[in-house]
Amino acid sequence: MPPPSSPSGHDSDSGGVAAALEKARRDKLARIAALGHDPWGRRFDGATPIATVRAAGEPLRRPPGEPPADDGPAVRVAGRIMLQRSAGSLVFLDLADRSGRIQVMIGKKQVGPEAWQLADCLDLGDLVGIDGRLGWSKTGEMTIFASALAFLGKSLETPPDKYHGLVDPEQKQRQRYLDLIHGEGVRERFMARSRIVAAVRQTLTERGYLEVEGPTLQESAGGAAARPFSTHHNALDMALVLRIALELHLKRLLVGGLERVFELGRVYRNEGVSPRHNPEFTMLEAYEAYGDYTTMMDLTEAIVAAAAVAAGTPPVVRWMGRDVDLARPFRRVRYDDLLAEVVGCDPADPGALAAAAAARGIDTTGRHPDVIKSDLFEATCEQSLVAPTFVIDYPAAICPLTKRKAGRPEIAERFELYVAGMELANAYTELNDPDLQEELFRTQLAGLPAEESMARMDHDFLRALRHGMPPAGGLGIGIDRLVMLLTESSSIRDVILFPLLRPVGD
RNA sequence: GAGGCUGUAGCUCAGUCGGUAGAGCAGCGGACUUUUAAUCCGUCGGUCCAGGGUUCGAGCCCCUGCAGCCUCACCA
């Protein structure tokens, strides 16, 4: 609620600098209202994006020192005041919308006494609409020479430092709206994210995939090895968990005959937080009947390529401290071959593997040879993969949802895509043998601690498989990590608008 | 969950050996019809993250807590 108008009153003792700064803005808000304008604005039609205006203004360019040219085409823009410079009877504004920034000049004589009074009530952060002529100032800056001023919304809070913006990462995340306004490249990064998601969706749709939505509330969470979040439905008095993966329901849809399906959605994992992990994150999973994991390799390359184009990513990105060349086709290397190459021991020899693992401090006592192998792989091979690389043909024992290679039951038809040491995608030739699937579920559950065995066997999924699921390829891509790569972001929190933060009293 | 770093005005940051809390920006008043983080003159502005302790005296030293960042672990 605006207080009664008291222009130039500045001896308020309401406590605190913030309150005094806000009072100055509320005083102006009252003056704006007194001038007959709605300080919260009204519908404002016909504004042109500033980037479009800038493109139109470029051919009119005049070098610095020339007399100002203020007779270009009439334009209308709307945006937020980022900078304000007054020079007597002239005011220069830097106005920003989501497409860009442009300078606006308001001259006392040019706009008339009423608009000039309104211009005197403007603060950094206010939203205004401008009508004027596009041109160039004497100092060689593209400028809209205002003829009319519409007030579209008051900012009552002091914006961040006009030069440095917000730099405190905590405040950038807690007040993302400010980060979007003032952060270097922040708005563009999130607009790139939006284009990436659209490109992923388009790539799949073009290939005949149907977008579907599975349940996020489930009786038990399956499809991945992670602890779920628990919740409760009141009316049904029913314990529920949030999904940790999309897999099991999408495969039911393959049984149902939808043949090519994908879901682009949020999954929730009750695990630790890190620069690469957020408790909720966006996952793509896609399944194609009658395909296999090589089908999914082609699809993965197509998706990454389309997303890179959409994001405007350069061919070589600087990511996680390395130069990453995104050229296709991506390298394909077999799991065992990579292990042999990096570790230098025979991957088929469990004794040699255990020795190599033990030499790197990995616990080997009483553990399955494939699990030891997997730990050794993670400790040595992952970091060696810089350019996008498909690691293919995994040890079967660590792949409970994957079809085995024909005639080689110890090898699973699976690949993971690594970039700069980080896992970006994971895909299988999907296991569709219900009896083997049930057996693998049982052995997997037997190995879990009691806390996690709440992730029970999904009997309905097994029943679906017994009805007959076509052989298929399936793919999962961590969208947040893809966005990180394509926007050269080193923390997942930089590509999630509102990452989970601990509450803080204020 | 463990270790390291950080927390000072609305924002960005200084703060020496433990001795009255500083600057720039923003704000307010004034000058300026071509400014570019405008400039110039004047002026207002503090729960030094919170709570304890040591000390004649703590922004600074000690302890506890909170939050963020980094590394590690679980995970993708």
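The values are calculated or read from the model by the stated rules, or taken from the named source; none is laboratory data. Not measured: the values here are computed from a predicted model. Ideal geometry is used to build each Cβ from the backbone, glycine not excepted, and the neighbour counts take in all protein chains shown. Heavy atoms of the whole protein, side chains included, go into the accessibility calculation; ligands, DNA and RNA do not. Shrake-Rupley method; radii C 1.70, N 1.55, O 1.52, S 1.80 Å.
Give the distance, in whole Å, between the Cα centre of region A:155-192 and the Cα centre of region A:248-308.
32
Rank A:ALA224, A:THR365, A:PHE441 by how far each Cα sits towards the positive end of the charge dipole of chain A (+1 on Lys, Arg Cβ; -1 on Asp, Glu Cβ) and give me just the farthest.
A:ALA224
Rounded to two decimal places and with Rh computed the Kirkwood way over Cα pairs, what is Rg over Rh for region A:20-159?
Taking Rg over the Kirkwood Rh, I get 0.96.
Considering only A:MET238, A:LEU152, A:ALA51, whose Cα is most displaced toward the positive end of the charge dipole of chain A, charges sitting on Cβ of Lys, Arg (+1) and Asp, Glu (-1)?
Result: A:LEU152, furthest along the dipole toward the positive end.
Report ³J(HN,Hα) in whole Hz for each residue of region A:221-238, in order, from the Karplus equation J = 6.51 cos²θ - 1.76 cosθ + 1.60 where θ = phi - 60°; Gly and Pro get x.
Whole-Hz 3J(HN,Hα) from phi for region A:221-238: 9, x, x, 7, 9, 7, 7, x, 7, 9, 8, 8, 9, 5, 5, 8, 6, 10.
Counting only protein heavy atoms, what percent of the accessible surface of chain A is carbon or sulfur at a 1.4 Å probe? Intermediate results must be reported in sequence, preceding the final value.
Numbers: 12980 of 24890 Å².
Looking at chain A in its full context, I get 52 percent from C and S.
Could you pull out the longest piece of chain A with no exposed loop chymotrypsin sites (Phe, Trp or Tyr not before Pro) in it, calling a site exposed if DSSP puts it outside H, G, I, E, B and it has at most 12 other Cβ atoms within 10 Å? Let's see the in-between values first.
Numbers: sites that count: A:TYR163, A:TYR290.
Free of exposed loop sites, the longest segment is A:291-506.
What ³J(HN,Hα) values, in whole Hz, does the Karplus curve 6.51 cos²θ - 1.76 cosθ + 1.60 give for region A:413-424 when θ = phi - 60°, with x put for Gly and Pro?
Using θ = phi - 60°, the values come out as 7, 9, 9, 10, 9, 10, 9, 6, x, 10, 7, 10 Hz.
Just to confirm the filter: which GluC sites (Glu not before Pro) across region A:159-223 are DSSP coil and have at most 13 other Cβ within 10 angstrom of their Cβ? Provide the component values of the computation, followed by the final result.
Values: sites: A:GLU170, A:GLU184, A:GLU188, A:GLU206, A:GLU211, A:GLU213, A:GLU219; in loops: A:GLU184, A:GLU213, A:GLU219.
Taking region A:159-223 and a limit of 13 other Cβ atoms within 10 Å, the loop GluC sites (Glu not before Pro) found are A:GLU184, A:GLU213, A:GLU219.
Counting Lys and Arg as +1 and Asp and Glu as -1, each charge on the Cβ, what is the dipole of region A:20-159 about the Cα centre in debye, to the nearest 20? Could you put the intermediate results ahead of the total?
On the way: 20 positive and 17 negative charges, 20 e Å.
Dipole of region A:20-159, to the nearest 20 debye: 100 debye.
How would region A:383-506 be classified by its alpha-carbon gyration tensor: rounded, prolate or oblate, with rounded meaning a/c under 1.5 and the a/b versus b/c comparison settling the rest? Walk me through the numbers on the way to the answer.
Details: a/c = 2.31, a/b = 1.44, b/c = 1.61.
Note, shape of region A:383-506 comes out oblate.
Would you mind working out the magnitude of the charge dipole of chain A relative to its Cα centre, with +1 at each Lys and Arg C-beta and -1 at each Asp and Glu C-beta, to the nearest 20 Debye?
On the way: 59 positive and 70 negative charges, 329 e Å.
Charge dipole of chain A: 1580 debye, to the nearest 20.
Solvent-accessible area of A:CYS121, probe 1.4 Å, all protein chains present, reported in Å² to the nearest ten, please.
My reading of the accessible area for A:CYS121 is about 0 Å².
Which ³J(HN,Hα) values in Hz, rounded to whole numbers, follow from the phi angles of region A:93-107 under the Karplus curve 6.51 cos²θ - 1.76 cosθ + 1.60, where θ = phi - 60° and Gly and Pro get x?
For region A:93-107, the Karplus curve yields 10, 9, 10, 10, 10, 6, 8, x, 10, 8, 7, 10, 10, 10, x Hz.
Please state the shape class of chain A: rounded when a/c is under 1.5, otherwise prolate if a/b exceeds b/c and oblate if not, all from the C-alpha gyration tensor.
Numbers: a/c = 2.55, a/b = 2.18, b/c = 1.17.
Prolate, because a/c is 1.5 or more and a/b exceeds b/c.
Would region A:34-116 count as rounded, prolate or oblate if I go by the C-alpha gyration tensor, calling it rounded below 1.5 in a/c and otherwise prolate when a/b exceeds b/c, oblate otherwise? Each step should come with its number before you reach the end.
On the way: a/c = 1.85, a/b = 1.20, b/c = 1.54.
It is oblate, given that a/c is not under 1.5 and a/b is not larger than b/c.
For A:LEU210, which sequence-distant residues (separation of 5 or more, or a different chain) have an amide H within less than 5 Å of its own amide H, given hydrogens modelled in the peptide plane?
When sequence neighbours closer than 5 places are left aside, the close amide H contacts are A:ARG260, A:VAL261, A:PHE262.
When DSSP beta bridges are limited to those with both residues in chain A, what percentage is antiparallel, rounded to the nearest 5? Don't jump to the answer; show the numbers that get you there.
Working: 80 of 89 bridges.
Just about 90 percent of them are antiparallel.
Tell me what chain A gives for mean residue ellipticity at 222 nm when only DSSP H runs of n ≥ 4 count, each as -39,500 (n - 2.57), the sum divided by the residue total, rounded to 500 deg cm²/dmol. Working shown, then result.
Numbers: 14 runs with 160 residues, N = 506.
Mean residue ellipticity, 222 nm, calculated: -9500 deg cm²/dmol.
For chain A, what does the accessible surface come to per residue with a 1.4 Å probe? Please give it in Å². Let's see the in-between values first.
Values: 24890 Å² over 506 residues.
In whole numbers, chain A has 49 Å² accessible per residue.
Over 20 Å between Cα atoms: which of A:LYS251/A:LYS373; A:LYS28/A:LYS138; A:LYS108/A:LYS138; A:LYS109/A:LYS162; A:LYS138/A:LYS162 fall into that group?
Values: A:LYS251/A:LYS373 29 Å; A:LYS28/A:LYS138 31 Å; A:LYS108/A:LYS138 17 Å; A:LYS109/A:LYS162 28 Å; A:LYS138/A:LYS162 24 Å.
From A:LYS251/A:LYS373; A:LYS28/A:LYS138; A:LYS108/A:LYS138; A:LYS109/A:LYS162; A:LYS138/A:LYS162, over 20 Å: A:LYS251/A:LYS373; A:LYS28/A:LYS138; A:LYS109/A:LYS162; A:LYS138/A:LYS162.
With the convex hull built on the Cα atoms of region A:87-172, state its orientation-averaged projected area in nm².
Computing the convex hull of the Cα atoms and averaging its projections yields 6.7 nm².
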